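What follows is calculated from the coordinates using simple rules that are stated; it is not laboratory data. Just so it is clear, the structure is predicted and the values come from calculations on it, not from any experiment. All Cβ positions, glycine included, derive from the backbone under ideal geometry; neighbour counts span all protein chains shown.
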Amino acid sequence: MMLDMTSQNATPLHEPDGSYSTQVAAKVRARAAWLNITQADLARALGVSRTTISQRWRGVRPWGLDDLHTVAGVLKTTPWELARSEGFEPPTF
């Protein structure tokens, strides 16, 4: 398991179950840690409770596409970077 060592708390980049939801959640957590953005910050940006963010943070509830777009803006990245599966690259033309 790879760890994000950019924050004081090491964050697993991939969860043991390997589900897509947990992969996306791990990317959101790692990026948020890198930028010192909290669950409360994301909850405010999305207009939801911190409990809802906590569930998404852990991969218990999946991120919706609209929310992922908003989260990507807060995290200064693209929805693609948060949602892409490891090992998959888009075709180039």
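List of remarks:
- For residue 61, residues with placed amide H under 5 Å, excluding near neighbours: 56
- Other residues whose C-beta falls under 15 angstrom from the C-beta of residue 50 contribute a net charge of +3, scoring Lys and Arg +1 and Asp and Glu -1.
- The HN-Hα couplings worked out from phi for the range 37-44 by the Karplus form 6.51 cos²θ - 1.76 cosθ + 1.60 (θ = phi - 60°) are 9, 8, 4, 4, 4, 5, 4, 4 Hz, whole numbers, x standing for Gly and Pro.
- All-pairs alpha carbon distance profile, the range 20-83, 5 Å steps from 0, percent: 4, 21, 36, 31, 8
- Evaluating 6.51 cos²θ - 1.76 cosθ + 1.60 at θ = phi - 60° for every residue in the range 63-70, the Karplus couplings come out as 6, x, 4, 5, 5, 5, 5, 5 Hz, glycine and proline recorded as x.
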